[in-house]
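Take a look at the structure set out below.
The values are calculated or read from the model by the stated rules, or taken from the named source; none is laboratory data. Quick caveat: nothing in here was measured; it's all calculated off a predicted structure. Here the Cβ positions follow ideal geometry from the backbone for every residue, glycine too, while neighbour counts run over all protein chains shown.
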Amino acid sequence: MRILGTILLLAVASNLLSQNTISDTVEIEPVIVNGNSLTTNQEVLDSSILSNPQHLNLGDLLSKKSHLFIKSYGIGSLATVSLRGSGAAHTQVNWNGISLNSSMNGSSDLALFPLFFMDEVSVKYGLNSLADGTGGIGGAVNISTLPEFGKQLSLYTSYLLGSFGQEQLNLKIKGGDDKFQSITKIIYNQADNNFEYRDLTTEGFPNKRVNNARFIQKGVMQNLFLKLPSNQLLEASLWLFNSERKLPPLITLRNNTELQEDLAIKSLIKYSKYFNSSTLKVTSAYLSDELNYQNERAGIVSTSATNSFRTRLDYEFNFRKIDVHAQAKYDHDNASADGLTTAVNQNRTEFYLSAQRFIIKRIKTSLSIRSLNIMQAESYLLPQLRIDYQLKSLNLHVYALAGKNVKYPSLNDLYYVPSGNVNLQAEESESAEIGVVYQRGVVNNKLLFTSSATLFYNNIANFIQWEPTAFGFWKPTNLKSAETMGSELFIEVNQVKGKIKKQFNATYSYTASKNYEKQHEFDESRGKQLIYIPEHKGNVSLDLEVENFCFFMNYQYIGIRFISSDNEELLPSYSLLDASVCKSLKWKGNSFIALSAGVKNILDIKYQAIEWRPMPNRNYFIKISYQFKK
Amino acid sequence: MKQFISVLLILFVFSCKSDDEQQEPVPLNQSMVLLLNEGNYNFGNASLSLYNEKDKTVNHKIFQSNNQGRPIGDVVQSALQIGNKLFVVVNNSSKIEVLDVSDLTSIAAIQQLNSPRYIAVANPNKAYVSDLYEDKLYVINPTSHVVLKTIETKGWVEEMAIASGKLYMTHVDSNQVWILDIVTDSILQKISTHKQPQYIEIDKNKTAWVSCSGGLNGSKSALYQIETLTDSVLSIFEGVTSDFKIGELELNSTRDELHFLGKDGLYSMNVSAGILADIPKIGQGNRLFYGFSIHPITNEIYISDAIDYQQRGVVYRFDYSGNQLDAFKVGIIPGDIVFLN
């Protein structure tokens, strides 16, 4: 009870302070969410974190605030995610429960997801992602848009100016009452990205500027929320997004002019009905993505388009002290591209049933099973067992879970011309995980200490890999099996004393992601770390808020990453230190204005996240925000 | 706060590394074999390895070692020795590095190229460079290292060979062999082939052998035998099944036995055999044969194996009968092999 009291106290205080710094959304209670989330092994990042101008996009945020490793090709460039040592297609990105992963390549480009469109981001690690669907062998990133009921009209706008021609304009208009809410968001983001780097590939190692790296992003999101009688809620969202980006070449290339344009329409309708002891939710989405690629040097102009209809139904109820979650999903994907001779269609159905109950006091078990069926032809059954133990006297929560997951090949893997491989097998994983969470509140010091430690093991069979051949084309094959294992540590201290709020947060992850198959006697990849997966990753951040002043500092460490499968070649480790300050003022009546400024890569580290792709050196930004409420 | 700053400092100290590390230049001796490691496309990890036939040692990243730590670039496709210079075609870096054969230091780089693939030399002052994207053939001067002119090809040209005063080029996009007069640089004739002609060799009888991969949609591979005096097709040897792919071609030192990479390994056939070899001389087994060359003096066969395309590959050395003599590790995706003289 003392802990709960502390949590509530901190939550309310943090909420008040958030209002001072005019975050665009202030209703979320971050400390409460975080406290709850640890028991289900997910990290929840609320709007106060999302609105920090230090974070450029979803990939940038997750690289600092979670155990995820983001493989970024540069600011605004392709950013794919690796969770628990798995590949880019092994992490699901869900929007209000609907998968946004491309049916063509199976993965998501996090650089195309503006944080301003999100009210909450959570990361579910490993098997915990199975509650939302298959495919998340590494885990899942869940993006949510949330209602903000209240009789209020508000307007929020901000303008950010940064180094290398970065400009970001955000606008949010919210209106409605206790039953109806309309939230409109508009973004415009651009950068030249012409930062300086030392060219180690040219004689004399001259300093040069990155060329062909400019990007422009434009987007609109409209959310409508309507409360209906008898505890019913209807939500509708429309997300329009356009990105044009030049793809900077490797510094080993003399000239390369590549351009990529992405056009996305995401629309979603969700109906929720809250009964006395049960909940029914139905979500349907239509997703349309178009990608236009131009390579001037190669004379390539290609277009690919996907249209997806995805729907899910969730029913949660309690039956004789058993919490039951039943779910049904149906996805229809259609893809057409220059690389496909004809349009390709794929239908998937999934059924999920989960039952949880306390078998004895403080020990809770949950058993679930999910089925996946592809085109009424191939099917998979994925069981999962979880046990939770609550040791209240020591403020400890211990859990263990084990189960299976599957990632079905993407449409490119199967049908891409000339080398798609219809004989590919699905990647199947067997996973186990144990974890412990310690949480302690000290009421007098108004302090909440939270820590967690997790050990995980994952065996992925039939790893799909694209390989060149001696005959001039690339072909996907089920090449190897891989084992990933590791640990994740999390520590957070929150304190709210008077008008001072402090938060210290540290994460560390160790990931051993290895291949245990040997192709022949000269294959030296056996037992070696998979390429571009750092064994060590750590992050330390400090937030301070004193009345209407704030200070934020973040330190990130990425360990060495091997870039050859025999681990003979590697990229050195690097660490980045970022800091920012902000000051908010009440302006006229219900208007607030805030100024913030920050420095990224303060130590001016020269580093490459991908070999021969330089990353930005020290850079700066300033931001001004205005909020009006009526 | 002090502890926090301490943590930052410790992490910072441990994470700083110099990016100026350089290796000592490696001197060259006689009997050297240069292994061209293509590297992964768009990874910039191509390299050159040097194998010493006498003491059986290998020097890795020899270009980097002998050129102030500078990497060679992205996708080393082929190389040709012209006199005392080695012309290394770095495909995706759009250049040809011209190296001094005595120490493999860079003399010049020919940069005015798009996506160069192979070189064929007509005389000390004239060579042809094929290109993947440019729809042109470059004519370069190997002495002055300049591009003299370009010749319209309207498509991708791959390997080339010169015989009887003519340049024979595999024109992949049109499924033809184009024949060019190397004096006037005019197209003399176009010979239609099976899909995707890519490799070409000239045997002791001045007969051109052209391998066609057959493309990727189930078409059969084929081997064309073209008489270069009359430019008539003497024979067409078609793969028995569509998965019997015919890849890279090489001839032995007396140029009377043709070798090719195929479905199950390395095949060889006498140029007068009149029938396509269908039993490998050197079986591939679970290895991944990616490229090969035959020593012009000893007839030893060097075959490169890319293993998983993500680690340092291996080169096997066989005697001419196909008995393995040794094997040694090289760089990532070893392809072409050049015997320096």
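Tabulated data
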| quantity | calculated |
| --- | --- |
| Breaking point among (1) touching a Leu at 6+ places or on another chain (Cβ under 9 Å); (2) not in a strand (DSSP E or B), for residue A:444 | (1) |
| Subset of region A:490-508 (residues that are of a type outside the set (Val, Ile, Thr) and either out of contact with any Ser or Thr (no Cβ under 7 Å at 6 or more places or on another chain) or farther than 22 Å from residue A:66 by Cα (or both)) | A:494, A:495, A:497, A:498, A:499, A:502, A:503, A:504, A:506, A:508 |
| Positions within region B:27-65 being more than 9 Å from chain A (Cβ to nearest Cβ), polar (S, T, N, Q) and either under 18 Å from the mean Cα position of the chain (by Cα) or buried (at least 23 other Cβ atoms within 10 Å of the Cβ) (or both), in sequence order | B:37, B:47, B:49 |
| Per-region count, region A:534-570, residues surrounded by fewer than 17 Cβ atoms within 10 Å (Cβ to Cβ), over 19 Å from residue A:606 (Cβ atoms) and over 22 Å from the mean Cα position of the chain (by Cα) | 6 |
| Conditions (1) within 14 Å of chain A (Cβ to nearest Cβ); (2) in contact with a Ser or Thr (Cβ under 8 Å, 6 or more places away or on another chain); number of the one not met by residue B:277 | (1) |
| Check on residue A:333, within 30 Å of residue A:292 (Cα to Cα) and in a strand (DSSP E or B) | yes |
| Members of region B:239-257 that are more than 26 Å from residue B:296 (Cα to Cα), of a type outside the set (Gly, Ala, Ser) and crowded, with 17+ Cβ neighbours inside 10 Å | B:244 |
| Looking only at region B:66-90, and only at residues there that are more than 22 Å from residue B:306 (Cα to Cα), in contact (Cβ under 8 Å) with a residue 40 or more places away in the chain and polar (S, T, N, Q), the one that is farthest from the other protein chains (Cβ to nearest Cβ) | B:81 |
| Of residues in region B:213-238 being under 20 Å from residue B:174 (Cα atoms) and among the charged types (D, E, K, R), the one modelled with the highest pLDDT | B:231 |
| Subset of region B:281-315 (residues that are away from chain A (no Cβ under 14 Å) and in a loop (DSSP other than H, G, I, E, B)) | B:281, B:295, B:296, B:297, B:298, B:299, B:300 |
| Residue that is surrounded by the fewest Cβ atoms within 10 Å (Cβ to Cβ) [pool: residues in region B:301-334 that are more than 18 Å from residue A:523 (Cβ to Cβ) and either at pLDDT below 95 or in contact with a Lys or Arg (Cβ under 6 Å, 6 or more places away or on another chain) (or both)] | B:325 |
| Which listed residue, of B:152, B:134, is at pLDDT below 95 and over 17 Å from residue B:79 (Cα atoms) | B:134 |
| Residue within region A:100-123 that is under 27 Å from residue A:430 (Cβ atoms) and in a strand (DSSP E or B) present | yes |
| Identity of the residue in region B:180-199, farther than 15 Å from residue B:245 by Cα and part of a strand (DSSP E or B), that ends up nearest to the chain's Cα centre (by Cα) | B:180 |
| Lone qualifier among A:575, A:580, A:596 - being within 8 Å of chain B (Cβ to nearest Cβ) and more than 13 Å from residue A:533 (Cα to Cα) | A:575 |
| Region B:61-81, residues that are β-branched (Val, Ile, Thr) and under 19 Å from residue B:113 (Cα atoms) | B:72, B:75, B:76 |
| Enumeration of residues in region A:57-88 that are buried (at least 23 other Cβ atoms within 10 Å of the Cβ) and over 21 Å from residue A:576 (Cα atoms) | A:84, A:85, A:86, A:87 |
| Where residue B:268 falls short, out of the listed (1) closer than 26 Å to residue A:525 by Cβ; (2) touching an Asp or Glu at 6+ places or on another chain (Cβ under 9 Å) | (1) |
| Residue count for region A:406-418, restricted to those that are under 14 Å from residue A:105 (Cβ atoms) and part of a loop (DSSP other than H, G, I, E, B) | 4 |
| From the options A:576, A:603, A:585, residue that is surrounded by 20 or more Cβ atoms within 10 Å (Cβ to Cβ) and without any contact (Cβ under 8 Å) to a residue 60 or more places away in the chain | A:576 |
| Some residue of region A:435-442 being within 13 Å of another protein chain (Cβ to nearest Cβ), of a type in the set (A, V, I, L, M) and surrounded by fewer than 17 Cβ atoms within 10 Å (Cβ to Cβ) | no |
